[in-house]
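The values are calculated or read from the model by the stated rules, or taken from the named source; none is laboratory data. Source: prediction; values computed, not measured. When we count neighbours, we look across all protein chains shown, and the Cβ atoms used for this are built from the backbone with ideal geometry, even at glycine.
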Amino acid sequence: MRFRVLAILVVAASLGIAGCGEKSDYVRVAETEGTYVDVGNLVYQVQLSRYLNPADPEDREYLVGVPPNEPAPTGEETWFGVWMRVKNYSDQAQQPTTNFVITDTENNKYYPIHLPETNPFAYNPPKLPAHQVYPFPDTAAASGPIQGSLILFKLKIVSTSNRPLILHIQQPGQDEAIVDLDL
């Protein structure tokens with residue numbers, strides 16, 4: 001009986017301590033997609049990452065507007081999409097970063113391919129008003145099945161064996177955050 005009472009007191013005390021956590025704790029490393037990471041005053045969340053197949057009707061829409069000077073992937077390369085959401089918890093407008101890099105275990109680096117604003121799924125964030133989310137509600141990117149804006153990369157297929165692939169989210173003058181991408 002005494003053990004049971006002691007166990008209940010320990011659990012109650014630990015719940016009370018856990019409830020006193022600081023909101024100022026920043027997350028800089030995510031071991032999986034879906035985890036929120038902090039960079040400056042913004043919070044980033046990778047909704048999904050996956051290969052894109054230009055022959056698939058859905059994926060074709062994501063690839064609209066690939067710059068004409070960007071050659072299609074060779075047999076040794078593939079399109080790779082990262083869908084991102086950004087939340088501004090601050091009381092002031094903030095500019096989300098466009099500085100992303102994917103690295104593999106061999107330290108190969110991949111940089112985003114800029115898609116034009118005419119692609120409704122493309123990650124082209126404007127200054128994000130206070131307490132708002134990007135992509136904005138009622139847009140194709142926000143209301144689509146993934147609910148994020150597309151950051152497009154072209155990867156060497158060999159890098160898919162050099163896992164984990166790590167997405168680096170960099171904001172000039174701020175700490176970087178990293179996310180392990182699921183493949």
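Okay, here's what the table says:
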quantity: Which numbered condition LEU115 fails, given (1) in a loop (DSSP other than H, G, I, E, B); (2) under 16 Å from the mean Cα position of the chain (by Cα); calculated: (2)
quantity: Qualifying positions in the range 99-112 - surrounded by 17 or more Cβ atoms within 10 Å (Cβ to Cβ) and farther than 22 Å from GLY40 by Cβ; calculated: ASP104, TYR110
quantity: Of the criteria (1) farther than 15 Å from LYS154 by Cα; (2) not in a loop (DSSP other than H, G, I, E, B), which one HIS131 fails; calculated: (2)
quantity: Selection count where residues are out of contact with any Lys or Arg (no Cβ under 9 Å at 6 or more places or on another chain) and of a type in the set (A, V, I, L, M), scope the range 85-117; calculated: 2
quantity: Members of the range 165-181 found to be in contact with a His (Cβ under 7 Å, 6 or more places away or on another chain) and either among the β-branched types (Val, Ile, Thr) or assigned to a strand (DSSP E or B) (or both), listed by number; calculated: ILE178
quantity: Residues of the range 148-164 satisfying the condition of being modelled with pLDDT under 95 and in a loop (DSSP other than H, G, I, E, B); calculated: ASN162, ARG163, PRO164
quantity: Single residue of ILE146, ILE113 found to be β-branched (Val, Ile, Thr) and within 16 Å of LEU48 (Cβ to Cβ); calculated: ILE146
quantity: Output for the range 113-156, where each listed residue is more than 22 Å from ASP91 (Cα to Cα), polar (S, T, N, Q) and surrounded by fewer than 19 Cβ atoms within 10 Å (Cβ to Cβ); calculated: THR118, THR139, SER143, GLN147
